[in-house]
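These notes concern the structure reproduced below.
The values are calculated or read from the model by the stated rules, or taken from the named source; none is laboratory data. It should be emphasised that the depicted structure is a prediction, and the values quoted were computed from it without experimental measurement. Backbone-built Cβ (ideal geometry, glycine too); neighbour counts: all protein chains shown. To get the accessible areas, we keep the full protein, side chains included, count just its heavy atoms, and leave off ligands, DNA and RNA. Shrake-Rupley method; radii C 1.70, N 1.55, O 1.52, S 1.80 Å.
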Amino acid sequence: MARTKRKYTRRADAEEEGKILSIPKLNLAQETKRSITIVIFLILAGLVAMALIGTAGVFGIYIYKILASLFGMMAYTVPVLLALVAWILFQNKPKVEVDEEEPVDLHPYARTYVGVFLMVAGSAGLIHSFYLNETQTAFSLASTGRAGGYLGALVAGPLVGAFGFWAGCLIILGILLIGLLVAFNVSPLRFWN
């Protein structure tokens, strides 16, 4: 009696591999995920702070060089900003209730990340705009790790170049203020009422 040979196909092999290498689902509660994110941001703040003062080893030197290029003088505020993100996440608890009229927010902390990014971009742009002059371009300042770094150059270079110093700074200050409002989810009208 002849044995039938099993035919292997890519699909069957992939299905068998998927069964063997399946990733377990942790099914973490939203509050647990939020807490893990807070811990990660606090660890990052600590690592960056140690890198900036030179106590994070060889890897810290690379972190310092990257932060100095990206943010220039603002590199020293990065640990504070990371801790600020952790604090904002700690203060803002997501809504558990599901309203049928409002769609469910799949990423409840996107507002915090966008707001902090706008705050950092506005701050770096403001610092960079004060260092700009006719002898140096925005990116030549950033390449030396001075002023607001490459982020400051991306924000201040075009705005100050197109609108001039005062109008460019006004626009950059607006970006910074919008970032504050978005990150903390507050209205300035609330303070006047």
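Brief remarks follow.
- Selection within region 144-168 - hydroxyl-bearing (Ser, Thr, Tyr) and at pLDDT 90 or above: 150
- Search result, residues across region 54-74 that are out of contact with any Gly (no Cβ under 9 Å at 6 or more places or on another chain), under 17 Å from residue 145 (Cα atoms) and either open to solvent by less than 30 Å² (accessible area, probe 1.4 Å) or of a type in the set (A, V, I, L, M, F, W, C) (or both): 63, 66
- Any chance residue 48 is within 30 Å of residue 146 (Cα to Cα), modelled with pLDDT of 85 or more and surrounded by 12 or more Cβ atoms within 10 Å (Cβ to Cβ): yes
- When residue 91 is tested against (1) open to solvent by 80 Å² or more (accessible area, probe 1.4 Å); (2) over 18 Å from residue 113 (Cα atoms); (3) at pLDDT below 90; (4) not charged (D, E, K, R), exactly one condition is not met: (2).
- Screening residue 42 on (1) modelled with pLDDT under 90; (2) over 30 Å from residue 141 (Cβ atoms) shows it passes everything except condition (1).
- Of the helices (runs of 4 or more DSSP H) entirely within region 123-193, those holding at least 2 residues that are within 15 Å of residue 69 (Cβ to Cβ) and open to solvent by 30 Å² or more (accessible area, probe 1.4 Å) occupy 138-143, 149-163.
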